[in-house]
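The values are calculated or read from the model by the stated rules, or taken from the named source; none is laboratory data. Here the structure is a predicted model, which means the values were calculated and not measured. Heads up, the Cβs are rebuilt from the backbone with ideal geometry, glycines too, and the neighbour counts pull from every protein chain shown. Remember, those area values only see protein heavy atoms, side chains included, never the ligands or the DNA or RNA. Shrake-Rupley method; radii C 1.70, N 1.55, O 1.52, S 1.80 Å.
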Amino acid sequence: LKKINLKSCAIVGLWFGAFQGLMPMIGYFLGNTFADKITSIDHWIAFILLAIIGGNMIKESFDKCEECKDDSLGFKTMLVMAIATSIDALAIGVSFAFTDFEPDWFVYIAFILIGVITFTLSSIGVKIGNILGTKYKSKAEFAGGLILILLGLKILLDVVKNLVK
């Protein structure tokens, strides 16, 4: 983002915080019904979305046209990014469905805390990213894209590691 202000930080924080808080809740409610279907593909969905976003960031890091870069905080952009980074939280919610929280309302506190912490860290991360992005420009965008792709690979490797156990 070229211009960063409190509103931009809040928009990103709200998107990521809301999805990180809502996805485990959705997974929790769908847990018993769809557990085997969700957990069998969630890692592939997360990997594909993160690889697409990360690959696009890497591609844009080589683009010399500053006006061509997508720095939108629009609905479509934020929706895809929020889903991509929180799809694994859906599986966590499914695992919550198989645990006995005592008292039962404790699980809802976990969802709220996940959302609030993600909101806070994402908002701060936007500001830090803007500072580093201004200083390092395309290198920071390349690194961000690579990190997203590596995060997707880590999700896949964790699944493989658990299968081997």
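Rounded, prolate or oblate for region 118-164? Axes are the square roots of the Cα gyration tensor eigenvalues, ordered a ≥ b ≥ c, and the cut-off for rounded is a/c under 1.5.
Verdict is oblate for region 118-164.
Applying 0.36 nm per residue to the separation of PHE29 and LEU132 and subtracting their alpha-carbon distance, the gain on full extension is 33.1 nm. For LYS139 and ILE109, the difference between the fully extended length at 0.36 nm per residue and the C-alpha to C-alpha distance is 6.9 nm. First select every other residue whose beta carbon is under 14 angstrom from the beta carbon of LEU156; then total the charges, Lys and Arg +1, Asp and Glu -1. Result for the local shell: -1. With all protein chains in place and ligands, DNA and RNA left out, the 1.4 Å accessible area ranks LYS137, LYS76 as LYS76, LYS137, largest first. Per residue, the accessible area of the chain comes to 63 Å², computed with a 1.4 Å probe over protein heavy atoms only.
Site pair LYS3 and ILE41 shows an inter-label distance of 4.2 nm when each label is modelled 7 Å from Cα along Cα→Cβ.
Between THR77 and PHE98, the FRET efficiency from the beta-carbon distance, with R0 = 45 Å, is close to 0.85. The value of relative contact order for the chain, using C-alpha pairs under 8 Å at least six residues apart, is 47 percent. Classification of region 47-152 by its C-alpha gyration tensor yields a prolate form. The axis ratio a/c (a ≥ b ≥ c) is 1.5 or more, and a/b outweighs b/c.
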